[in-house]
């Protein structure tokens, strides 16, 4: 039996990308799934049912995480039927614009979805988390280092990293473990949407961290949740960057970043 067998796992952002891939891998491990997304989930559920050889339960709910009242209501409705063993929160957007090109509305949208959306989900689910429960929140390697064209995205992910560290101090003594998933770029609809939008310098800096296959990234995340690890950073290059950030002075890290930008702008 897998670690996730018969556990009830709530997944936000489950219609596509990392959320859907996580659901796809978990249904094969006999997990009971409760799915949330602002996008329609019918196609995702049909696909998951085709893999559901162990007859695990699958339910789904419409959810706009920026609507705190709706989030509270939908989480309560789901929990009245089946309380969560694990919450996996994946909802997020990128903001591939330089600061000078970005409007206030664009900046606020990224912050509202990524940061306030995460807060809304955690606040809504908290009454239904008991001792032994787990929470996994998707952050990013951009939680630890800035990147060209990512001022709004990095701001939201830096904030999530700090928020989850603080929440871990509060909830872990109560028996609720936190995992922060901080991957490098992964080939998802979000990153595909950046093509032709993000400046060449931003693309160049992202390449320094490498790009992971979505299947491998999710496998690493699930292993981290199983081991109740606080931080999961998948990928060799991403871990080298994380180590560099911890061991070297910021002047050295910024020098590498500036050189990468200069090289990209010359192309």
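Mean separation of Cα pairs under 8 Å and 6+ residues apart, divided by the residue count of the range 1-158: what relative contact order is that in percent? Please list the in-between numbers first.
Working: 280 pairs, mean separation 37.0, N = 158.
Result for the range 1-158 is 23 percent.
Over the chain, what is the mean sequence separation of C-alpha contacts under 8 Å (at least six apart), divided by residue count, expressed as relative contact order in percent? All intermediate terms of the calculation are to be shown ahead of the outcome.
Working: 473 pairs, mean separation 44.9, N = 267.
Reported as a whole number, the value is 17 percent.
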| query | By count of other Cβ within 10 Å, fewest leading, how are 171, 97, 252 ordered? | reply | 252, 171, 97
| note | GNM on the chain, Cα springs under 10 Å; top mean-square fluctuation among 164, 70, 136 goes to 70
| said: I need 119, 131 ordered by Cβ neighbour count within 10 Å, fewest first. | reply: 131, 119
| remark: Mean-square fluctuation maximum in Gaussian network of the chain, Cα pairs under 10 Å, restricted to 148, 61, 169, hits 169
| task | Rank 46, 139, 78 by mean-square fluctuation in a GNM of the chain with C-alpha springs under 10 angstrom and give only the top-ranked residue. | result | 46
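Antiparallel versus total DSSP beta bridges in the chain: what percent is that, nearest 5?
Values: 0 of 26 bridges.
That works out to approximately 0 percent antiparallel.
By how many nm would the segment from residue 112 to residue 66 lengthen if fully extended, with 0.36 nm per residue of separation less the alpha-carbon distance?
Here the segment from residue 112 to residue 66 would lengthen by 15.9 nm.
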| query | Once you put a point 7 Å from the Cα of residue 126 and another 7 Å from the Cα of residue 172, both along the Cβ direction, what distance in nm separates them? | reply | 1.8 nm
| remark: the range 30-87 and the range 226-255 have their Cα centres apart by a whole-number Å value of 33 Å
| remark: Taking r as the C-beta separation of residue 103 and residue 54 and R0 as 41 Å, the FRET efficiency to the nearest 0.05 is 0.30
| query | What is the distance, in nm, between label points placed 7 Å from the Cα along the Cα-to-Cβ direction at residue 250 and at residue 237? | reply | 2.5 nm
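Values in this text are rule-based calculations from the coordinates and carry no lab data. Just so it is clear, the structure is predicted and the values come from calculations on it, not from any experiment. Ideal geometry is used to build each Cβ from the backbone, glycine not excepted, and the neighbour counts take in all protein chains shown.
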